[in-house]
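Visitor: Following this message is one structure expressed as structure tokens.
Since every read-out is calculated from the coordinates, none of them should be taken as a lab result. If you're wondering where the values come from, they're calculated on a predicted model, not measured in any experiment. A quick note on method: Cβ atoms are made from the backbone with ideal geometry, for glycine too, and the neighbour counts reach across all protein chains shown.
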Amino acid sequence: MELPEPLELPEPLVLHTPRLTLRPYTSGDLAAVHRFASDPRLTEFVEWGPNTLQDSRDFLAACLAEEATVPRTAYTFALTLKEGGPPFGSAGLTLDPAVLDPENPGSTAPDGPSRTAETGYVIAAEHWNRGYATEAAAAVVHFGFTVLGLDRISATCRPGNLASARVLEKTGMVLRRRLPAHKLIRGAWEDSLLYSMARPALR
Ligand SMILES: CC(C)(COP(=O)(O)OP(=O)(O)OC[C@H]1O[C@@H](n2cnc3c(N)ncnc32)[C@H](O)[C@@H]1OP(=O)(O)O)[C@@H](O)C(=O)NCCC(=O)NCCS
């Protein structure tokens, strides 16, 4: 089987959708990140937050460190409107360690280890229900399959997070199973729904 070419990331690493720009975080994004990440409406179904200012600083520092890590283990994009302005959300991919395994350079062989990643996203509450998460998730998934050469992308959401489940369905993810007591969220073990999709046949 022919293996994909070695990974060459576009520089700067920016993704474009009809209405959004997905770009790397910069150190100047602290106020914007803290504005949405400290909002309890946004953190109801996730294991972090609502952020203190130090939490937001730590998040941004982790994003900047991730951008400098070779090879990359994760990609977290800041979401802005196409016309500019501060970030009002994030979308990204966290790579499964097997992706970084030099013995596993992109095989899609049925008996080989698959190259997988998990996706996630958040959108500031004042921008909900305008299709932004779906647009961002679709761009990140496309990036994962076409640029990173992933075989499969997964995501989890809490069963009560109907908006997130809908975003995953609209992105083409399929519900696989329920994971009992999967995430510790503010002291309680919560179930998750596991979604995933395989790399579509690409032309
Ligand atoms: C989940 C989240 C990212 C969705 O962002 P968004 O930009 O509003 O998503 P979209 O507009 O692309 O799509 C939302 C869909 O959910 C639907 N929806 C929203 N609230 C809903 C609810 N309570 N019940 C059922 N469907 C709901 C919308 O109608 C829309 O579907 P439609 O296009 O078929 O009408 C956003 O709510 C968020 O950031 N939540 C907090 C963080 C989070 O939960 N992240 C995901 C972790 S798993």
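Visitor: So which helices of the chain fit the span-like rule, where a helix is a whole DSSP H run, its Cα atoms reach 15 Å or more along the axis, and its mean Kyte-Doolittle is at least 0.5?
Guide: Details: long enough: 53-68 (23 Å, 0.07); 132-146 (21 Å, 0.88).
Membrane-span-like by this rule: 132-146.
Visitor: Could you work out the Rg to Rh ratio of the chain, with Rh taken as the Kirkwood radius (inverse of the mean 1/r over all Cα pairs)? Provide the component values of the computation, followed by the final result.
Guide: Details: Rg = 16.8 Å, Rh = 17.7 Å.
With Rg and the Kirkwood Rh in hand, the quotient comes to 0.95.
Visitor: Extending each Cα 7 Å along its Cβ direction at Glu126 and Arg178, get the distance between those two points in nm, one decimal.
Guide: 3.8 nm
Visitor: Between Glu11 and Lys170, what FRET efficiency follows from the Cβ-Cβ distance if R0 is 35 Å, with the result rounded to 0.05?
Guide: Numbers: r = 30 Å, r/R0 = 0.87.
My answer for the efficiency is 0.70.
Visitor: To continue, here is another question. Calculate the spin-label point distance for Val70 paired with Val147, positioning each point 7 Å from the Cα along the beta-carbon direction, and give it in nanometres.
Guide: 1.8 nm
Visitor: Hey, if you put +1 on the Cβ of every Lys and Arg and -1 on every Asp and Glu Cβ in region 15-153, which of Ala91, His127, Leu30 ends up farthest toward the positive end of that dipole?
Guide: Of the listed residues, the answer is His127.
Visitor: What ranking, highest mean first, results for peptides 13-23, 144-154 when packing means the other Cβ atoms within 10 Å averaged over each residue? Intermediate results must be reported in sequence, preceding the final value.
Guide: Working: 13-23: 16.5, 144-154: 19.7.
In decreasing order of mean packing, 13-23, 144-154 become 144-154, 13-23.
Visitor: Using +1 on the beta carbon of Lys and Arg, -1 on that of Asp and Glu, and nothing else charged, what's the dipole of the chain about the Cα centre, debye to 20? Mind showing how you got there, number by number?
Guide: Values: 20 positive and 24 negative charges, 156 e Å.
Its charge dipole is roughly 740 debye.
Visitor: Rounded to the nearest 0.05, what FRET efficiency do Thr26 and Glu47 have when you use their Cβ-Cβ distance and R0 = 30 Å? Don't skip to the answer; put the middle values down first.
Guide: Numbers: r = 25 Å, r/R0 = 0.85.
Plugging the Cβ-Cβ distance into 1/(1 + (r/R0)^6) gives 0.75.
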